[in-house]
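The values are calculated or read from the model by the stated rules, or taken from the named source; none is laboratory data. Computed from a predicted model, the values in this text were never measured in an experiment. Please note that ligands, DNA and RNA were not included when accessible areas were found on the heavy atoms of the full protein model with its side chains. Shrake-Rupley method; radii C 1.70, N 1.55, O 1.52, S 1.80 Å.
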Amino acid sequence: QVQLVESGGGSVQAGDSLRLSCAASGRPAVMMSMAWFRQAPGKEREFVSAINWGTPTTDYVDSVKGRFTMSRDSAKSTVYLQMNSLEPEDTGIYYCAAKMEGKKRSWSEYPYWGQGTQVTVSS
């Protein structure tokens, strides 16, 4: 079993930055691909970013490219999402997810989920 705990959400102004963290336990994090998804009120869960197991290649949804950076610290079994130049459209609950082997963009591919952390960006 894998446990994921997110932290770092909050309420900020447009243009501000936040860094989300997701700490994993229960399996060696180096064996897992990790991803961030977000869900705004009344909208479907949306892929934001993912980082592969092994060689840490990353993938981002177009709307966050150049603003968000995902990274991992395998020694701490933690992944991070550095979010810069935040926009009101980035508002939502951000979820960390994990799966074995390669990263995917579909939320249904991820069996392990954190409880979510709220990000609110006001204009």
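Observations on the model:
- Accessible area ranking (1.4 Å probe, heavy atoms, ligands and nucleic acids excluded), largest first, for Arg27, Arg19: Arg19, Arg27.
- With contacts taken as Cα pairs under 8 Å at a separation of at least 6 residues, the chain carries a relative contact order of 36 percent.
- Largest to smallest accessible area among Asp90, Asp16 [probe 1.4 Å]: Asp16, Asp90
- All-pairs Cα distance distribution in the chain, expressed in whole percent, bin size 5 Å: 2, 13, 24, 27, 19, 10, 5, 1, 0
- Taking the 1.4 Å solvent-accessible surface of segment 63-123 as the whole, the part contributed by carbon and sulfur is 47%.
- In segment 71-122, the alpha-carbon atoms span a convex hull of 109 Å³ per residue.
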